[in-house]
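Only one structure is covered here, and it is reproduced in the block below.
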């Protein structure tokens, strides 16, 4: 079990380096279609390498396998909860930075998806009950963090959305009450609502 203890330290160091790199680059999404940042990939690269090392041991004793998977689950728990707490702290200081807030929420969502994949690769339903409970509880905790961040984000952008809606309403009233041709009446609402739609789509 000494290897697991040493691996815990390595995994946590890997995590902190990944987060530091993300912070330095402003939490940029990794591609046009992947709306999360690189730290999620970095963290799971390390965890997947740990899983692969355990599998190379070619263990045959079910009791030993259960013991190793349970201990590895402790590592996963420590790393992902620490990551989620770091994201939560960053989120608290990103007030008004909608792009970064969105990336941070996407990071937690991707964290959950990658955890499910890792869980299945470890044996999924075949895992020992205590290990399954630990990982399922972890998924629930991460989902709670995502819900918390989402609720905070919605509350923070509500005044901006309300302002856009009020402006749209005023301009639509002007169209309906003014000397505007039917053709203009058909085109102007699309132009008026475009800023609101662009904001919601960013």
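The values are calculated or read from the model by the stated rules, or taken from the named source; none is laboratory data. If you're wondering where the values come from, they're calculated on a predicted model, not measured in any experiment. Backbone-built Cβ (ideal geometry, glycine too); neighbour counts: all protein chains shown.
Suppose the filter is surrounded by fewer than 18 Cβ atoms within 10 Å (Cβ to Cβ), within 18 Å of residue 119 (Cβ to Cβ) and out of contact with any strand residue (DSSP E or B) (no Cβ under 6 Å at 6 or more places or on another chain); does residue 24 pass it? Don't jump to the end; show me each part of the working.
On the way: surrounded by fewer than 18 Cβ atoms within 10 Å (Cβ to Cβ): yes; within 18 Å of residue 119 (Cβ to Cβ): no; out of contact with any strand residue (DSSP E or B) (no Cβ under 6 Å at 6 or more places or on another chain): yes.
Judged against the criteria, residue 24 is not a match.
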*Unmet criterion (only one of (1) free of Cβ contacts under 8 Å to residues at least 24 places away in the same chain; (2) under 16 Å from the mean Cα position of the chain (by Cα)) for residue 67*: (2)
*Is it the case that segment 121-144 has a residue that's over 20 Å from residue 76 (Cβ atoms) and either touching a helix residue (DSSP H, G or I) at 6+ places or on another chain (Cβ under 6 Å) or at pLDDT below 65 (or both)?*
no
*Identify, by number, the condition in (1) under 17 Å from the mean Cα position of the chain (by Cα); (2) at negative phi that residue 57 doesn't meet.*
(1)
*Across segment 79-121, what is the number of residues that are under 16 Å from residue 18 (Cα atoms) and loosely packed, with under 15 Cβ neighbours inside 10 Å?*
3
*Check on residue 42, surrounded by 13 or more Cβ atoms within 10 Å (Cβ to Cβ) and in contact with a strand residue (DSSP E or B) (Cβ under 8 Å, 6 or more places away or on another chain)*: no
